[in-house]
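The next block holds one structure in the form of structure tokens; read it before the comments.
The values are calculated or read from the model by the stated rules, or taken from the named source; none is laboratory data. The shown structure was predicted, so the numbers you read here are calculated from the model rather than taken from an experiment. Reconstructed Cβ throughout: ideal geometry from the backbone, glycine too, with neighbour counts over all protein chains shown. When the accessible area is computed, the model is the full protein with side chains, heavy atoms only, and any ligands, DNA or RNA have been set aside. Shrake-Rupley method; radii C 1.70, N 1.55, O 1.52, S 1.80 Å.
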Amino acid sequence: MALLEEPAFTELRIWQRRMQQKPTLWGRLTRRAQARLNALLPEKVHAAITAAIKQMVRGVLFGSTHTTRRPEAAATLAEREAAVRNTLRYYRNTAAAEGAVTGAGGFLLGLADFPLLLGLKLKFLFDVASLYGHDVRDYTERLFLLHIFQLAFSSQHTRNQVYQRVAHWDTYRYTLPPDVQKFDWRTFQQEYRDYIDLAKMAQLVPVIGAAVGAVANYRLLEQLGDTAMNCYRLRWLHAANGAAPAPLVPAT
């Protein structure tokens with residue numbers, strides 16, 4: 001392992017531990033409360049939200065393949081990650097500016113932030129995949145992006161499950177259904193919506209909406225960037241050594 005790569009893999013091991021932790025008491029209580037609130041919504045509402053998010057995500061997943069750069073064929077991990085950090089800086093600042101504008105515009109513009117931010121996040125993941133050398137024209141690579149998204153914006157319970165798929169992706173990818181319609185869109189949209197509700201709700205409040213929108217979007221992109229880098233570090237190390245590193249300490 002090159003000396004410049006050691007800090008990256010130290011960060012990876014710490015992240016692995018975090019992804020495999022058991023849900024905290026507060027996390028379990030929050031998940032239970034959100035489940036009860038979701039149960040109060042009519043099934044038609046859930047179906048409508050799921051369909052809307054599925055169409056938004058699919059539009060980005062299949063449209064961005066035409067606008068994403070070609071995979072980087074020859075570069076060190078350090079060079080790739082420097083480019084990823086530059087890309088993250090651009091998307092993070094764009095998301096913050098978008099959150100400030102929609103937050104300052106009141107309730108209706110605040111609602112518009114949801115699809116705009118979702119599109120930015122997914123386009124960012126496409127660029128990251130290419131920088132790490134993966135071809136997003138491959139259907140399984142696009143589904144990998146959705147798994148990164150779930151890891152970043154889900155409860156700890158769901159993270160535990162999704163992490164196992166990501167950690168063994170080179171095997172798991174061959175079990176994926178050939179049709180993207182088979183993806184669990186209901187869980188995807190519900191976990192994402194529940195996760196960002198508290199962070200984004202104050203964006204709809206007059207006066208403070210702009211500041212809240214900017215800060216929330218900045219932090220959400222930062223979190224997505226951290227998750228994406230560690231997911232691709234896992235695959236990089238697996239390709240180099242044939243196995244992913246164990247966490248620094250056993251998960252609890």
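Observations, loosely collected:
- Per-region count, region 132-143, residues free of Cβ contacts under 8 Å to residues at least 60 places away in the same chain and either under 12 Å from Arg235 (Cβ atoms) or in a helix (DSSP H, G or I) (or both): 4
- Residues of region 84-97 that turn out to be open to solvent by less than 30 Å² (accessible area, probe 1.4 Å) and either over 17 Å from the mean Cα position of the chain (by Cα) or aliphatic (A, V, I, L, M) (or both), as a count: 4
- The number of residues in region 172-186 that are modelled with pLDDT of 75 or more and not aliphatic (A, V, I, L, M) comes to 5.
- Residues satisfying the stated conditions in region 78-92, i.e. touching a residue at least 24 places away in the same chain (Cβ under 8 Å) and of a type in the set (S, T, N, Q): Thr87
- Condition check for Thr67: of a type in the set (Val, Ile, Thr), open to solvent by 40 Å² or more (accessible area, probe 1.4 Å), over 16 Å from Asp226 (Cα atoms) and modelled with pLDDT of 70 or more: no
- Restricting attention to region 120-135, the residues that are under 24 Å from Asn93 (Cα atoms), touching a helix residue (DSSP H, G or I) at 6+ places or on another chain (Cβ under 9 Å) and of a type outside the set (Phe, Trp, Tyr) total 9.
- All of (1) buried (at least 20 other Cβ atoms within 10 Å of the Cβ); (2) part of a helix (DSSP H, G or I) hold for Leu146 with one exception: (1).
- Yes/no for Thr252 being at pLDDT 65 or above and hydroxyl-bearing (Ser, Thr, Tyr): no
- Of all residues in region 217-236, exactly one satisfies the criterion of being open to solvent by 10 Å² or more (accessible area, probe 1.4 Å) and either more than 18 Å from the chain's Cα centre (by Cα) or small (Gly, Ala, Ser) (or both), namely Trp236.
A quick yes/no check of all residues on (1) over 24 Å from Glu141 (Cα atoms); (2) at pLDDT 85 or above; (3) among the small types (Gly, Ala, Ser):
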site: Tyr90; (1), (2), (3): no, yes, no
site: Gly99; (1), (2), (3): yes, no, yes
site: Gly105; (1), (2), (3): yes, no, yes
site: Leu117; (1), (2), (3): no, no, no
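- Breaking point among (1) open to solvent by less than 40 Å² (accessible area, probe 1.4 Å); (2) modelled with pLDDT under 80, for Met19: (2)
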